[in-house]
Amino acid sequence: MALQFILFFVATGVIFLSGGRLPVHGKVLADRLGISATAVGLFVLAIITSLPELSVTLSAMLVEHAPDLALGNILGSNNFNITAIAALEFALVGGGLLARTDGSRFSRTCLLLLAMTAVVGAGVAYGSRVASPLAAAALFSLPVVMLFVVDSIVNRRKKSEDAGAADDVPAGRIPVADAASPAGGAEQPGVAAAAVSFAVLSLLVIAAGVLISRSAAAIAEHQFGEGLVLGHTFVGTLLVAIATSLPEVTVATAAVRSARSPDMAIGTLLGSNSINILVFAVGAPLLLTSGARTAWFDLAGGNLVNVGAAIILTLSVLAGLRVGWFRESKVRARVLALTLLPIYLIALWLVHGSGA
């Protein structure tokens, strides 16, 4: 078991180092396309930083046949990402993180997250009652995919508005490395070099994700002491979720502290959350290819705790984005941000208590 922990933390280190550098090269390519800071956060960096969740989730389902580990990773990562906003509120010079972001733009993302999370919750509660795997995919996976596709179409129509957003980072104002790495000041790498580095780092993240899922499954099933078994849902929610969320949090922190771009930070976190849910919804029916039932079957009820926490956390962020009472006062905004932490910790305690 000691070896499994060593492998887990080595893979976590690979994800932290490789995932933290991925956005540097991803942003170079995005800058050459003239994409705004909001769009970079919501689309480019969100997709890039979701690679760890993608590799761990698919490996957990297709290799380990542990859907609870996969869903625990997805929901745990999402809740950890949103909770990180509390730290970012204090990391931003002068505070007012949510008040400085595009409230209407990110409100739509929050509503999308709420809808997608609700569908996942329905899948956890009723997936085992659906006899047909195809019916389960139609009832739970398909709505998530459709919500994401419709939102992407709407966002594409608003691309011209995003391009002129006031919070855009002017080209050349800061080095690209500052937007994703504390060690700013480096010159932009060329497009070809950035593409090669991006591909190599992506492969490292994917390989580390497979290693994490295997070691995490062993840790979840191991008996510690007298009858103490952590369980797939708890290990996925805590250990795996935090490990795979490191790139998002690293990028968001750098976007706030170095690039002074709250839009990029919030966009990375919320955008990654929606992509994470999409990954599980698309991956759930893939279990059928290995002879197992779709992942919507046999999900532990403890996942509903994560679903409820995700909805409450997202609603809190939505309030900070849309309610003027919070946006007009930095003190009230920080109090709202601080409430995210106890919600996250209570959810962890409840998941552990469920024994899932």
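Laid out as a table, the results:
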read-out	value
All positions within the range 251-268 that are surrounded by 24 or more Cβ atoms within 10 Å (Cβ to Cβ), among the polar types (S, T, N, Q) and in a helix (DSSP H, G or I)	T268
Test: residue in the range 198-210 that is out of contact with any Pro (no Cβ under 6 Å at 6 or more places or on another chain), over 23 Å from G236 (Cα atoms), at pLDDT below 75 and of a type outside the set (K, R)	yes
Residues located in the range 83-94, provided they are modelled with pLDDT under 90, buried (at least 16 other Cβ atoms within 10 Å of the Cβ) and either touching a strand residue (DSSP E or B) at 6+ places or on another chain (Cβ under 7 Å) or not hydrophobic (A, V, I, L, M, F, W, C) (or both)	E89
V331 vs. criteria within 21 Å of the chain's Cα centre (by Cα) and β-branched (V, I, T)	no
Sole exception among (1) buried (at least 24 other Cβ atoms within 10 Å of the Cβ); (2) modelled with pLDDT under 80 for A70, by number	(2)
Residues located in the range 88-106, provided they are more than 18 Å from R332 (Cβ to Cβ) and either assigned to a helix (DSSP H, G or I) or among the aromatic types (F, W, Y) (or both)	A91, S104, R105, F106
Condition check for L111: touching a residue at least 24 places away in the same chain (Cβ under 8 Å), within 27 Å of A11 (Cβ to Cβ), part of a helix (DSSP H, G or I) and over 13 Å from the mean Cα position of the chain (by Cα)	no
Qualifying residue in the range 290-302 (condition: within 20 Å of A70 (Cα to Cα) and without any contact (Cβ under 8 Å) to a residue 24 or more places away in the chain)	yes
Extreme residue, nearest to the chain's Cα centre (by Cα), among residues of the range 260-290 that are polar (S, T, N, Q) and over 20 Å from L313 (Cβ atoms)	S261
Residue tally, condition closer than 21 Å to P262 by Cβ, modelled with pLDDT of 65 or more and more than 17 Å from the chain's Cα centre (by Cα), over the range 25-60	1
Top-ranked residue of the range 122-146 - restricted to ones that are in a helix (DSSP H, G or I) and of a type in the set (S, T, N, Q), ranked as farthest from L278 (Cα to Cα)	S128
Residue within the range 334-356 that is surrounded by fewer than 24 Cβ atoms within 10 Å (Cβ to Cβ), among the charged types (D, E, K, R), touching a helix residue (DSSP H, G or I) at 6+ places or on another chain (Cβ under 8 Å) and closer than 30 Å to S132 by Cα present	no
All positions within the range 309-338 that are free of Cβ contacts under 8 Å to residues at least 40 places away in the same chain, more than 15 Å from F106 (Cα to Cα) and in a loop (DSSP other than H, G, I, E, B)	S329
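For (1) over 21 Å from A310 (Cα atoms); (2) aromatic (F, W, Y); (3) surrounded by fewer than 22 Cβ atoms within 10 Å (Cβ to Cβ); (4) touching a residue at least 60 places away in the same chain (Cβ under 8 Å), each residue gets a yes or a no:
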position	(1), (2), (3), (4)
G96	yes, no, yes, yes
R100	yes, no, yes, yes
F106	no, yes, no, yes
M116	no, no, no, yes
A125	no, no, yes, yes
R129	yes, no, yes, no
P133	yes, no, yes, yes
S141	no, no, no, yes
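The values are calculated or read from the model by the stated rules, or taken from the named source; none is laboratory data. The structure presented is a predicted model; accordingly, all values stated were derived computationally and were not measured. Ideal geometry is used to build each Cβ from the backbone, glycine not excepted, and the neighbour counts take in all protein chains shown.
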